[in-house]
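Single-structure report; data block below.
None of the figures in this text is laboratory data; all of them are computed from the coordinates on show. These figures come from a predicted structure and were not determined experimentally. Cβ coordinates were reconstructed from backbone atoms using ideal geometry, including for glycine residues, and neighbour counts include every protein chain displayed.
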Amino acid sequence: MSEVFILGVDMIKFGRFPEKTVPQIGAQAALMALDDAGLTIKDMEALYCGNLGQASAMVGQRILQEIGQTGIGVVNCSNACATGATAFREAWMSIKAGVHDVVLAVGVEQMGKGLLGGGGGGAGIPKEGLLGSGTMPAVFAEAGMEHARKYGTTFEQFAKVSVKNHHHSTLNPKAMYQIETPLETVMNAEMISYPNTKLMCSVNVDGSAAAVLVSEKKARELGMSRAVKVRASVLTSDPYSERDLVMPDVNAVTRKAAASAYEMAGVGPEDVDLVELHDCFATAEILHYENLGLCGDGEAGRMIDDGEVELGGRVPVNVSGGLLSKGHPLGATGIANIYEVSTHLRGEADKRQVEGARIGMTHVIGLGSACGIHILESVA
Amino acid sequence: MSEEKAVSGPLPVVTWLKGANTNDPYIEGHKCGECGAVFLGERSTCSACSARDSISAVRLSTKGKLYSYCIVHRSFPGIEVPYISAIVDLEGGGTIKGNLINIEPDPEKIEFDMPVEVVFQDALGRKDKDGNNYLSYFFQPAA
């Protein structure tokens with residue numbers, strides 16, 4: 001099977017674009033990624049498009065209607081917050097399978113404001129606030145409190161995640177926000193679901209990201225100088241665990257994906273120079289230090305206290321600002337974090353560059369559940 | 001006149017709350033005879049071990065321990081806050097989620113593994129479009 005390389009990758013600056021359509025937002029990133037690869041839509045053999053909000057509305061084809069109706073096959077996919085990673089992985093698989101040599105993956109989302117989840121549905125009466133809460137801040141607060149019960153993790157430690165990621169985003173011009181948020185500001189922000197304050201919840205934004213993936217043959221033909229090698233691509237669903245159907249278990253699904261990804265890449269957590277992981281809420285980031293093997297079980301609190309996950313630390317996490325400050329356009333997130341890691345591996349991340357980065361990891365979780373992990377390597 | 005459509009006595013808030021219309025309501029689980037996994041709601045196949053046709057209905061305990069929780073301060077319009085959203089492991093198997101009541105919504109007052117009991121009460125006055133009342137379950141600190 002051919003190795004797979006990223007030849008072009010980019011994202012738009014995340015923001016709010018109510019005047020634009022979803023395909024228009026997606027088309028922007030698609031063109032940027034094509035330009036980055038030095039190719040055009042006429043060179044693409046297929047398009048893999050990730051979007052949630054208009055999952056049944058042929059977003060991929062409508063992107064082509066914006067930038068070039070070449071008649072290529074289009075796959076539209078939706079997999080909660082793992083949507084972008086799933087589209088990227090479908091593109092990767094088409095090259096692995098030997099079907100295509102050069103394909104485009106696009107993730108795009110246009111979001112409203114406010115709470116996600118907890119809508120209920122079903123017959124009878126609304127259950128929100130009656131049988132607990134199904135809102136996302138609450139669900140991830142409960143997952144964080146499970147960590148607190150096991151290891152004594154504190155509200156302050158969870159809050160430090162948000163301080164770090166907001167700080168990182170001041171160095172990222174494509175992040176939604178570039179604002180420092182000191183610990184007191186984070187802890188004293190409006191409490192949404194204890195222990196997540198408003199500044200510990202990801203930002204609902206509009207955004208898009210795209211990547212051009214090529215086979216090794218094509219990469220050699222077009223030039224490898226800025227290519228990024230895809231060392232592992234893994235997708236898992238939630239394996240059975242005791243409370244999963246009542247309290248979504250984001251740990252088991254991530255651990256399973258991480259183990260497969262390290263095995264596929266032939267590397268271990270100690271080889272990873274930077275990680276973009278799914279900090280949809282500050283509580284979630286803490287869990288994933290352990291789930292991804294960046295530290296031992298029970299060490300995540302110490303890890304954030306000691307600054308090991310800051311830019312300049314042992315393994316910087318979410319130097320883009322993460323979902324907490326860069327923003328979380330659901331369907332775009334999984335490709336935006338591939339853009340971030342690729343940019344470091346190319347040595348093009350400017351002020352937030354992780355020095356000497358050779359290997360990086362991206363991780364997303366779609367609740368319900370899906371986990372997508374990619375391990376990328378610099379080839380320059 | 002929607003009130004006319006209402007049936008007598010409360011309806012269950014979820015299908016797995018049984019006996020809503022009696023003085024002996026309870027939570028029903030479905031237990032796998034092969035691996036012992038306990039589910040809420042009817043099913044024929046076990047998602048833990050994939051065994052078929054080994055699932056049977058069991059009456060779940062009203063005694064349990066607080067496994068995890070959060071305190072909800074912002075919810076949708078019209079929903080009273082703050083409240084405690086709690087995950088409770090029941091004695092003998094089964095995990096359910098609900099509101100923890102009769103305790104201050106303050107992390108200083110709430111302890112992991114504190115014993116709680118399941119109590120059955122009206123669903124906070126919520127009615128469906130036909131005017132039906134509903135019976136719900138809640139957790140409270142064990143007496």
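Under 16 Å Cα-Cα from residue A:20, which aspartates and glutamates qualify once same-chain neighbours fewer than 8 residues away are excluded?
Within the straight-line cut-off, residue A:20 pairs with A:66, A:109, A:206.
Only Cα pairs within less than 10 Å get springs; with that Gaussian network setup on chain A, which residue of A:170, A:254, A:21 has the largest fluctuation?
A:21
Which whole number gives the average, over all residues in B:77-84, of C-beta atoms from other chains lying within 10 Å of the residue C-beta?
Across B:77-84, the average partner-chain Cβ count within 10 Å equals 3.
Take residue B:35 and residue B:121, extend 7 Å from each Cα along the Cα→Cβ direction, and tell me the distance between the two endpoints in nm.
Rounded to a tenth, the inter-label distance reads 3.7 nm.
Is any residue of the range A:160-186 close enough, with backbone N under 11 Å, to a label point placed 7 angstrom from the Cα of residue A:351 along the Cα-Cβ axis, and if so, which?
A:168-174, A:178-180
I'd like the Kirkwood hydrodynamic radius of the range A:233-361, using the inverse of the mean 1/r over distinct C-alpha pairs, in Å. Before the final figure, lay out the partial values.
Values: mean 1/r = 0.0657 Å⁻¹.
Value: 15.2 Å, from the Cα pair sum.
With all pairs of different alpha carbon atoms counted, what Kirkwood hydrodynamic radius in Å does the protein assembly as shown show?
The Cα-based Kirkwood calculation yields 24.0 Å.
Going by how many other Cβ atoms sit within 10 Å of their own, how do A:305, A:249, B:24 line up, fewest first?
Final ranking by Cβ density, sparse to dense: B:24, A:305, A:249.
Given R₀ = 35 Å, FRET efficiency for residue B:81-residue A:19 by Cβ-Cβ distance, to 0.05? Please list the in-between numbers first.
Numbers: r = 34 Å, r/R0 = 0.98.
E(calc), rounded to 0.05, equals 0.55.
Please turn the phi angles of the range A:181-195 into ³J(HN,Hα) values with the Karplus equation 6.51 cos²θ - 1.76 cosθ + 1.60 (θ = phi - 60°), one per residue in order, whole Hz, x for glycine and proline.
10, x, 3, 5, 5, 5, 6, 9, 5, 3, 6, 9, 9, 3, x
Sort A:111-118, B:102-109 by packing, meaning the average of other beta carbons within 10 Å per residue, with the highest value first.
My ranking of the peptides, most packed first, is A:111-118, B:102-109.
Just grab the label-to-label distance for residue B:142 and residue B:65, each label 7 Å out from Cα along the Cβ direction, in nm (one decimal).
Rounded to a tenth, the inter-label distance reads 0.9 nm.
Taking a ≥ b ≥ c as the square roots of the Cα gyration tensor eigenvalues, with a/c under 1.5 meaning rounded and otherwise prolate when a/b beats b/c, else oblate, which class fits the range A:42-96?
Since a/c reaches 1.5 but b/c is at least a/b, the shape of the range A:42-96 is classed as oblate.
Using the Kirkwood formula over every pair of different C-alpha atoms, what hydrodynamic radius in Å results for the range A:224-269? Don't skip to the answer; put the middle values down first.
On the way: mean 1/r = 0.0816 Å⁻¹.
The answer is 12.3 Å.
Please list, short to long, the whole-number percent of alpha-carbon pairs of the range B:7-141 in consecutive 10 angstrom bins beginning at zero.
Whole-percent P(r) values from 0 Å outward: 12, 35, 35, 17, 2.
Grab the other residues whose beta carbon is less than 12 angstrom from that of residue A:174, score K and R as +1, D and E as -1, and report the net. Please list the in-between numbers first.
On the way: positive: A:13, A:326, A:352; negative: A:10, A:340, A:350.
Spelling it out: positives minus negatives among the neighbours equals 0.
May I ask you to derive the FRET efficiency for residue A:40 and residue A:237 from their Cβ-Cβ distance with R0 = 25 Å, giving the value to the nearest 0.05?
Once the sixth-power term is evaluated, E becomes 0.10.
Assuming R0 = 25 Å, what is the FRET efficiency of residue A:220 and residue A:97, from their Cβ-Cβ distance, to the nearest 0.05? Before the final figure, lay out each step's value.
Values: r = 19 Å, r/R0 = 0.77.
The value I calculate is 0.80.
Fewest to most neighbouring Cβ within 10 Å: what's the order for A:286, B:101?
Going from least to most buried by this count: B:101, A:286.
I want to verify a result. In a Gaussian network model of chain A, Cα cutoff 10 Å, which of these has the top mean-square fluctuation: A:49, A:280, A:295?
So, out of A:49, A:280, A:295, the one fluctuating most is A:295.
Quick one: if you take sqrt(5λ) for each eigenvalue of the C-alpha gyration tensor of the range A:73-197, what semi-axes come out, biggest first, whole angstrom?
33, 24, 15
Compute the distance in nm between two label points, each set 7 Å from the Cα along the Cα-to-Cβ direction, one at residue B:52 and one at residue A:156.
About 5.7 nm, to one decimal.
For a quick check: with amide H placed at 1.01 Å from N, whose amide H comes under 5 Å from residue A:206's, ignoring anything fewer than 5 positions away on the same chain?
Those lying under 5 Å, H to H, from residue A:206 are A:15, A:16, A:17, A:111.
Only Cα pairs within less than 10 Å get springs; with that Gaussian network setup on chain A, which residue of A:124, A:360, A:15 has the largest fluctuation?
Its mean-square fluctuation being the largest, the pick is A:124.
What pairs from B:63/B:127; B:18/B:109; A:198/A:326; A:113/A:351 go past 20 Å between their alpha carbons?
Values: B:63/B:127 28 Å; B:18/B:109 32 Å; A:198/A:326 15 Å; A:113/A:351 30 Å.
Going by Cα-Cα distance, B:63/B:127; B:18/B:109; A:113/A:351 fall outside the 20 Å limit.
Quick check: Cα centre of the range A:270-332 to Cα centre of the range B:95-143, how many Å?
35 Å
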